[in-house]
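Since every read-out is calculated from the coordinates, none of them should be taken as a lab result. From a predicted model like this one, the values you see are computed outputs, not experimental measurements. Counting neighbours? That spans all protein chains shown, and the Cβs are built from the backbone with ideal geometry, glycine included.
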Amino acid sequence: MFFALFIAFVIIQRLIELAMAKSNEKWSKNQGAIEFGSEHYKYIIALHVLFFISLIIEYWLDPELIDGWPAILAIFLCAQILRYWSIFSLGKHWNTKILVIPDAPPVRKGPYRYMKHPNYFVVAIELITIPLMFGAYVTAFVFSVLNFILLYFIRIPKEEQALQLFRPPTQK
């Protein structure tokens with residue numbers, strides 16, 4: 001029962017975030033935002049959908065809540081604090097897509113004072129902690145590796161390139 005409630009919570013959380021992102025996308029485009037990386041966005045969506053499918057199947061095949069689950073849940077909850085600190089720090093600029101408003105200064109508040117991509121760090125933590133809590137070790141490993149490849153070799157370089165192109169002249 002805990003598994004079903006927990007996964008339902010996370011999926012509902014993601015759906016709400018997608019609705020927020022869609023609203024922010026509309027606002028950003030009204031501000032003149034240009035989208036980058038749309039060719040790889042479908043792979044990010046696929047990774048997250050397949051993560052949940054894999055997790056559910058792996059748990060269904062061998063339902064288990066590991067002994068150390070409270071510690072892993074605590075790590076997950078700390079990651080959620082960082083997630084929402086990141087989202088609220090970016091405000092209307094937060095999105096699941098790469099949208100850059102030309103000449104808009106980069107956000108340097110909240111966790112962005114300390115690191116460049118805190119939300120990607122949160123996702124990496126989630127892709128490990130959620131499956132580990134339920135003994136879904138294959139899902140934890142496979143999707144952590146796939147996420148690393150997608151972020152490190154595709155998403156982050158594309159985002160950095162987009163930001164460099166449209167950073168205000170005094171910040172280049």
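Between F141 and L65, what is the spin-label point distance in nm, taking each point 7 Å from the Cα along the Cα→C-beta axis?
Those two pseudo-labels are separated by 2.6 nm.
Against the longest principal axis of the chain, how steep is helix 137-150, in degrees 0 to 90 to the nearest 10, with axes from Cα atoms?
10
Any idea how far apart Q161 and I75 come out in nm if each label point goes 7 Å out from Cα toward Cβ?
Those two pseudo-labels are separated by 3.3 nm.
Would you calculate a helix-derived [θ] at 222 nm for the chain, using -39,500 (n - 2.57) for each DSSP H run of n ≥ 4 and dividing by the full residue count, to the nearest 500?
Numbers: 6 runs with 116 residues, N = 172.
Calculated mean residue ellipticity at 222 nm is -23000 deg cm²/dmol.
Classify the range 19-114 as rounded, prolate or oblate, taking a ≥ b ≥ c as the square roots of the eigenvalues of its Cα gyration tensor: rounded when a/c is under 1.5, otherwise prolate if a/b is larger than b/c and oblate if not. Walk me through the numbers on the way to the answer.
Numbers: a/c = 3.46, a/b = 1.67, b/c = 2.07.
Judged from the Cα gyration tensor, the range 19-114 comes out oblate (a/c at least 1.5, b/c at or above a/b).
Read through the labelled values (i) 28, 22, 15; (ii) 26, 18, 16; (iii) 32, 16, 15 and report the label of the one computed as semi-axes √(5λ) of the Cα gyration tensor in Å from the structure.
(iii)
At 7 Å along Cα-to-Cβ for each site, give me the label-to-label distance between I34 and V107 in nm.
The modelled label-to-label distance comes out at 2.1 nm.
Rounded to the nearest 20 debye, what is the charge dipole size of the chain about its Cα centre when +1 sits on each Lys and Arg Cβ and -1 on each Asp and Glu Cβ? Walk me through the intermediate numbers first.
Values: 16 positive and 12 negative charges, 196 e Å.
Here the chain has a charge dipole of around 940 debye.
Based on the alpha-carbon gyration tensor of the range 93-172 and its eigenvalue square roots a ≥ b ≥ c, which shape applies: rounded if a/c is under 1.5, prolate if not and a/b is larger than b/c, or oblate? Before the final figure, lay out each step's value.
On the way: a/c = 3.46, a/b = 2.28, b/c = 1.52.
It comes out prolate by the Cα gyration axes.
Taking the Cα atoms only, what angle lies between the long axis of helix 118-133 and the longest principal axis of the chain, rounded to 10 degrees?
Helix 118-133 sits roughly 10 degrees off the main axis of the chain.
Treat every Asp and Glu Cβ in the range 79-140 as -1 and every Lys and Arg Cβ as +1, leave all other atoms uncharged, and give the resulting dipole magnitude about the Cα centre to the nearest 20 debye. Working shown, then result.
Working: 7 positive and 2 negative charges, 48 e Å.
The dipole of the range 79-140 has a size of about 240 debye.
Out of the chymotrypsin sites (Phe, Trp or Tyr not before Pro) in the range 61-167, which ones are loop residues according to DSSP with at most 14 other C-beta atoms within 10 Å? Show your work: numbers first, answer last.
On the way: sites: F76, Y84, W85, F88, W94, Y112, Y114, Y120, F121, F134, Y137, F141, F143, F148, Y152, F153, F166; in loops: W94, Y114, F134.
Sparse-neighbourhood loop chymotrypsin sites (Phe, Trp or Tyr not before Pro): Y114.
Between 0 and 90 degrees, rounded to the nearest ten: what's the tilt of helix 69-90 against the longest Cα principal axis of the chain?
Taking the Cα atoms of the chain, the angle to 69-90 is about 20 degrees.
Give, as ranges by residue number, the residues of the range 124-147 whose backbone N falls under 19 Å from the point 7 Å along Cα→Cβ of Y114.
124-126
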